[in-house]
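Visitor: My questions will all concern the structure given below.
The values are calculated or read from the model by the stated rules, or taken from the named source; none is laboratory data. Because the structure is a prediction, the values reported are computed rather than measured. No Cβ is skipped: glycine too gets one built from the backbone with ideal geometry, and neighbour counts run over all protein chains shown. All accessible areas refer to the heavy atoms of the entire protein, side chains included, with ligands and DNA or RNA removed. Shrake-Rupley method; radii C 1.70, N 1.55, O 1.52, S 1.80 Å.
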Amino acid sequence: MTVVYKKSGMLTDAPFHYCPGCTHGIAHKLVAEVLEEIGAEGNVVGVAPVGCAVFAYNYFNCDMQEASHGRAPAVATGIKRVRPDTVVFAYQGDGDLASIGMAEIVHAAARGEKITVIFINNAIYGMTGGQMAPTTLEGQKATTCIYGRNPEINGNPIRMCELISTLTGPTYVARAALCDPANVRKAKKMIKTAFEHQLNKKGFSFVELLSACPTNWGMTTEQAVDYVKNDMQSIYPLGVFKEE
Amino acid sequence: MKQLMKGNEAIAEAAVRGGCRAFFGYPITPQNEIPEYLSWRLYEVGGCFVQAESEVAAINMVYGAAGAGARAMTSSSSPGISLKQEGISYICCSRLPCVIVNMVRGGPGLGGIQPAQSDYFQATKGGGHGDYHMIVYGPNSVQECVDIMYDAFDVSEKYRVPVMILGDGMLGQIMEPVELPEFKDLSKLPRKAWATYGDNKGKDRQIINSLLIEPDVLERHNHLLFDTYKEIADNETMCEEYLCSDAEIVLTAYGTVARIAKSAVDILRSRGIKVGLLRPITLYPFPEKAFIKVAEQDCVKEFVCIELSMGQMIEDVKISTQMKKPVKFYGRVGGNVMTPEDIVKFVTEEDK
Ligand SMILES: Cc1ncc(C[n+]2csc(CCOP(=O)(O)OP(=O)(O)O)c2C)c(N)n1
Ligand code: SF4
Ligand SMILES: [Mg+2]
């Protein structure tokens, strides 16, 4: 019997706690497979965020650190500076990365820290129950903007790839969407390229993954995937924003 | 061979010799000479230095580096230390050894840039959220700064509790002759079983974490931390007693203030007044045994607690002496520093 597919060895056997239809699980799987493919096993430290992915330290089968809310890029900087030959990655949500941790992500990128950041943009605060995120779309409902995000009151969504790609330190900045198999495959390619930039000590690498949070969006899983594919992509275009 | 060094630079060099190989900090007066010195010095010994974007980032870089097994430190002054508090709380819960230097300046708010001791509560009682402590030293000279800094990583790693060196603007800026110790041999240090070096695989993998979501697990962890603090109190408490055996009045002070108080003791003694000085060197754990012992001496009539604050350490003095003798307070604030004569005047006039 030939094995055609198996779970990546870079994932533990702990069952994911994510809701049905949540794409955090897909993102974990992709990162784990890439870590395995680039031969990082036994030479990698991951940094988990505060957000729904806080338990990522239970899922990635490698040394892990759990950062305080938003500070994963600073924690990753500390690790990478004392272990320059170790693969170091941070995994962060949009509240974590684009709100409370905006300074840390921008400065880690500007310094050109040779780390890889996986950014899960689900346009909502998942863990705390659906409050508005910095990436929430105009008109999108959240528990702190119940009639939909109104730029007059709630400000405007932030496009992180566009922002990060203006800096000198990053050498790879890309955005993919976890909405169908073709796009998931593209996402994996981008994640792999990002880690290769780190392995080659090129510079800071960043992959944004448009993700679904059916629970806090109040949608079925199908509706949520459609929302990623149509609504989110119209504000957050896919592609490679910087590659050097 | 002794050499003349500024307090901040002496601490920085002692850190390097004591094994510090990573520094993360953000500029603030009056401690800038520490990051300035380490910004070039650490690269000479194969270490690393990052000027962080903020104190928040700096303490989290320390978290990452210490978690990855390195001897990492940061330094700052009062407002910056306030910003580090969330990170310190995480470091304490995750049991990461590291060193934090606070060259205290007057507050609250932006306050001033002159010496103060008004961060005593913040340093010794926890400072951030949750039940925890650091090991806190209050050195009184550049030499004592060097000696404490030199061994700080060893102590911190022994207990997996961060060390804070609580200085003041004066200690950082003053120049004094110091004897610098030899470099520690880092190759002799054991591998840290709990650290995320990145090479642990499968069931050996390590997790640096402060999320303990099960109440019983968190309760056990709280107890573990406090059992460690008890052990530290038993082994590491330090206190200096000066002319207390026949004293009627016992002055108590830490840091540079203790030196001023010592001069006041000498002046008062020369006038025939029986005064002594009790100087805590560890502020946490507080030297409770030394205080109750002196408080129980029949000759002792009262304590005078002297601080550059509105009265913070005095609370520990009252608790430790179990109020067996009255405890008076004399303090200056705002960056003002008392002279020995001010203390003499306070002691003699108060006693009329
Ligand atoms: C200092 C601090 N502030 C607030 C929180 C509460 N908090 C936990 S997760 C979170 C938002 C997470 O949202 P996001 O980063 O988008 O991750 P998601 O859950 O959507 O994956 C917040 C505000 C916290 N833990 N720490
Ligand atoms: S709340 Fe949203 S982000 Fe969190 S696990 Fe559920 S679906 Fe995923
Ligand atoms: Mg989110």
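Visitor: Quick one: is residue A:152 surrounded by fewer than 18 Cβ atoms within 10 Å (Cβ to Cβ) and closer than 15 Å to residue A:119 by Cβ? Lay out the reasoning, then the answer.
Guide: On the way: surrounded by fewer than 18 Cβ atoms within 10 Å (Cβ to Cβ): yes; closer than 15 Å to residue A:119 by Cβ: no.
So residue A:152 fails the test.
Visitor: Counting residues that are at pLDDT below 95 and more than 21 Å from residue A:52 (Cα to Cα), which strands (runs of 3 or more DSSP E) fully inside the range A:131-244 reach at least 1? Please lay out each step first, then the result.
Guide: Details: elements: A:170-177, A:204-210, A:239-243.
Per the criteria, no element qualifies.
Visitor: Listed residues A:42, A:21; which is over 13 Å from the mean Cα position of the chain (by Cα) and farther than 25 Å from residue A:127 by Cβ?
Guide: Numbers: A:21 fails: farther than 25 Å from residue A:127 by Cβ.
Exactly one residue qualifies, and that residue is A:42.
Visitor: Evaluate the range A:86-105: report whether one residue or more is buried (at least 24 other Cβ atoms within 10 Å of the Cβ), charged (D, E, K, R) and either at pLDDT below 95 or within 15 Å of ligand 3 (Cβ to nearest atom) (or both).
Guide: yes
Visitor: Any idea how many residues of the range B:1-15 are under 15 Å from residue B:100 (Cα atoms) and more than 18 Å from the chain's Cα centre (by Cα)?
Guide: The qualifying residues number 0.
Visitor: When you look at residue B:55, is it more than 8 Å from chain A (Cβ to nearest Cβ) and in contact with a Leu (Cβ under 9 Å, 6 or more places away or on another chain), yes or no? If you could, list the steps in order and put the result at the bottom.
Guide: On the way: more than 8 Å from chain A (Cβ to nearest Cβ): yes; in contact with a Leu (Cβ under 9 Å, 6 or more places away or on another chain): yes.
Spelling it out, residue B:55 is indeed more than 8 Å from chain A (Cβ to nearest Cβ) and in contact with a Leu (Cβ under 9 Å, 6 or more places away or on another chain).
Visitor: Next up: Residues that are over 22 Å from residue A:107 (Cβ atoms) and either among the small types (Gly, Ala, Ser) or open to solvent by less than 10 Å² (accessible area, probe 1.4 Å) (or both): does the range A:191-206 have at least one? Talk me through it step by step, then tell me what you get.
Guide: Residues of the range A:191-206 that are over 22 Å from residue A:107 (Cβ atoms), as a first pass: A:191-193, A:196, A:199-200.
Applying the additional criterion that residues be either among the small types (Gly, Ala, Ser) or open to solvent by less than 10 Å² (accessible area, probe 1.4 Å) (or both) yields A:191.
Scanning the range A:191-206 turns up at least one residue that is over 22 Å from residue A:107 (Cβ atoms) and either among the small types (Gly, Ala, Ser) or open to solvent by less than 10 Å² (accessible area, probe 1.4 Å) (or both).
Visitor: Okay, moving on. When you scan the range A:10-102 for helices (runs of 4 or more DSSP H) that lie fully inside it, which ones turn up with 1 or more residues that are more than 10 Å from chain B (Cβ to nearest Cβ)? Working first, answer last.
Guide: Working: elements: A:24-37, A:56-59, A:72-82.
Answer list for the range A:10-102: A:24-37, A:56-59.
Visitor: Now for a different question. Looking at A:121, A:156, which is the one that is within 15 Å of ligand 2 (Cβ to nearest atom) and closer than 25 Å to residue A:238 by Cβ? Spell out the reasoning first.
Guide: Values: A:156 fails: within 15 Å of ligand 2 (Cβ to nearest atom).
A:121 is the lone residue from the list that is within 15 Å of ligand 2 (Cβ to nearest atom) and closer than 25 Å to residue A:238 by Cβ.
Visitor: Taking the condition in a helix (DSSP H, G or I) and either surrounded by 16 or more Cβ atoms within 10 Å (Cβ to Cβ) or not hydrophobic (A, V, I, L, M, F, W, C) (or both), does residue B:342 pass? Spell out the reasoning first.
Guide: Values: in a helix (DSSP H, G or I): yes; either surrounded by 16 or more Cβ atoms within 10 Å (Cβ to Cβ) or not hydrophobic (A, V, I, L, M, F, W, C) (or both): yes.
When the stated conditions are applied, residue B:342 passes them.
Visitor: Looking at this structure, is residue A:109 of a type in the set (A, V, I, L, M) and outside any helix (DSSP H, G or I)?
Guide: Working: of a type in the set (A, V, I, L, M): yes; outside any helix (DSSP H, G or I): no.
No; evaluated as a whole, the condition is false for this residue.
Visitor: Turning to a different aspect of this structure: Can you tell me which condition residue A:133 does not meet? The list is (1) within 14 Å of chain B (Cβ to nearest Cβ); (2) within 16 Å of ligand 2 (Cβ to nearest atom); (3) of a type outside the set (Lys, Arg), and all the others hold.
Guide: Here residue A:133 clears every test but (1).
Visitor: Right, something else. With (1) under 23 Å from residue A:29 (Cα atoms); (2) open to solvent by less than 10 Å² (accessible area, probe 1.4 Å); (3) of a type outside the set (Val, Ile, Thr); (4) within 10 Å of ligand 1 (Cβ to nearest atom) as the list, and residue A:125 as the residue in question, which single condition is left unmet?
Guide: Single failed check for residue A:125: (2).
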